[in-house]
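Everything on this sheet refers to the single structure shown next.
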There are 2 protein chains.
Amino acid sequence: MEPIRPDLVPNPAVRRLSFYLRQMESFQRKGLATVSSKQLGDSLGFTDAQVRKDMSYFGQFGHPGVGYPVEEMITQLRHILGTDKTWNVLLVGAGNLGRAMLAYRGFDVRGFRIVAVFDADRNKIGKKMASLMIQPLTALEKTIAAQSIRLAILAVPAEHAEEVANRLVEAGIRGILNFAPVTLTLPPKVAVNSVDVAVQLEQLSFHVNFPALEPSGQS
Amino acid sequence: MEPIRPDLVPNPAVRRLSFYLRQMESFQRKGLATVSSKQLGDSLGFTDAQVRKDMSYFGQFGHPGVGYPVEEMITQLRHILGTDKTWNVLLVGAGNLGRAMLAYRGFDVRGFRIVAVFDADRNKIGKKMASLMIQPLTALEKTIAAQSIRLAILAVPAEHAEEVANRLVEAGIRGILNFAPVTLTLPPKVAVNSVDVAVQLEQLSFHVNFPALEPSGQS
DNA sequence: GGATGTGAATGCATTCACAGCA
DNA sequence: TGCTGTGAATGCATTCACATCC
């Protein structure tokens, strides 16, 4: 419950937080009660100093001579990341990728629930997908307001991504996970994370061609 | 065709290369012949200095007073990234996400082609998915050798990811795009890119809770 | 002894700023 | 004038190393 000052926290540290949480949950499943910065770091490919420094940005969670309490860290990390409560998420794009997102089992346990699906295609509207009725884009604003949705997954073709994103933002969405291969230009108040699978493969292509670099670096 | 020394190139610069290429292709579709570092940077949220510095790591592509020739840059960037030739890619995991990857139209044009699909599920083996026959994991080694495959997309449940990844590496795979929510521990010669969609949403969650940071930063 | 937490030191990446070319 | 290419300067992030505590 510390007064986090995000401007003092390196962005990379925030990204690593998610991995710490994921790994802590794995340690918990293995029955470990405490974990040292070295153990945690090794399991993720970070140094122990890195782990300790990152933790220190958010508070004092460890016990000297002992390590970090697994259970408590999970609670803390969830709180910091804001996933100790469940987020309602909306999905735009009921194609193959949209279906995969909807079917993904991993969201619930991490604090996310897709509660609405939208598509522009008249043939899809009204049909059901994993128990959710596919809605027309005209219903966007009403649904976002009614269920106070702040996060959206954008799985539409590149040509429509920018336009849909703008509508989402106007309707109150504050964070977008974008799968379309375009750079979205949005107001700074909106957080955007883009995943372009072709870009991911290009990176691999480069590193396979020039193996000197990148000691198994995980994005 | 310069002698690229990857050890002299900042990793972040390599990541941006893909975005430069993507954007250049967009400029090309708009019919532009040349683009300045400022135009390119603005369109991606980078500074002009950043763009010029990045380019300079790989050669001298621009013309003072004019900018960068779009067509030629596309050729160059593809060559640097190694996507001027098509990579054969294999897919492990014929679930929803696997299906989405297989159906994705964006791969071909960027130099990737999924040529084989594998799954552990007996019920799926032998069935077809987008014209590819789903193969058992026992066929992994033979197929990789026969089609000289170097890249793989891993879309299997978390529990099996590590094990399958090890097999892929032993069979000669040199780059893995991993969608399973685990950190893979592999030899340094293997390039790994991981996409954990829950982690992506967690990042958004954090930034929505603490909007001070991140001026619409795109991962 | 074994581990954390953290200022100080180091190492990278970005940005500046300007010489030089079209 | 307009823009690139690049050393030099700055600014961040990581790592070191050690005081501190169980």
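Residues that are within 7 Å of chain B (Cβ to nearest Cβ) and among the hydrophobic types (A, V, I, L, M, F, W, C) within the range A:102-111 comprise A:ALA103, A:PHE107, listed in sequence order. Apart from one condition, B:ILE134 fits all of (1) surrounded by 19 or more Cβ atoms within 10 Å (Cβ to Cβ); (2) in contact with a helix residue (DSSP H, G or I) (Cβ under 7 Å, 6 or more places away or on another chain); the exception is (2). Evaluation of B:ALA49 against the conditions (1) more than 30 Å from A:ALA94 (Cα to Cα); (2) among the aliphatic types (A, V, I, L, M); (3) in the same structural domain as B:ALA146 (by TED's automatic domain parsing) shows that the sole unmet condition is (3). Of all residues in the range B:20-35, those that are touching a residue at least 40 places away in the same chain (Cβ under 8 Å) and more than 10 Å from chain A (Cβ to nearest Cβ) total 4.
Being at the interface with chain A (Cβ under 9 Å from one of its Cβ atoms) and within 23 Å of B:ALA100 (Cβ to Cβ) is the requirement here; does B:ILE149 meet it? Answer is no for this residue.
Taking the range B:40-63, which residues are more than 12 Å from DNA strand C (Cβ to nearest atom) and within 13 Å of another protein chain (Cβ to nearest Cβ)? If you could, list the steps in order and put the result at the bottom.
Kept after step one, since they are more than 12 Å from DNA strand C (Cβ to nearest atom), are these residues of the range B:40-63: B:40, B:42-43, B:58-59, B:61.
B:LEU40, B:ASP42, B:SER43, B:PHE58 - these are the residues of the range B:40-63 that are more than 12 Å from DNA strand C (Cβ to nearest atom) and within 13 Å of another protein chain (Cβ to nearest Cβ).
Candidates are the residues of the range A:57-84 that are among the charged types (D, E, K, R) and more than 16 Å from the chain's Cα centre (by Cα); the one that is farthest from DNA strand D (Cβ to nearest atom) is A:GLU71. Evaluated against (1) within 7 Å of chain A (Cβ to nearest Cβ); (2) within 23 Å of A:PRO211 (Cα to Cα), B:PHE206 falls short on exactly one condition, (2).
Just to be sure, is A:VAL89 within 11 Å of DNA strand D (Cβ to nearest atom), in contact with a strand residue (DSSP E or B) (Cβ under 9 Å, 6 or more places away or on another chain) and either in a loop (DSSP other than H, G, I, E, B) or β-branched (Val, Ile, Thr) (or both)? No; evaluated as a whole, the condition is false for this residue.
The values are calculated or read from the model by the stated rules, or taken from the named source; none is laboratory data. Note that the structure is a prediction, hence the values are computed from the model and not measured. Please note: Cβ atoms are built from the backbone with ideal geometry, for glycine as well, and neighbour counts cover all protein chains shown.
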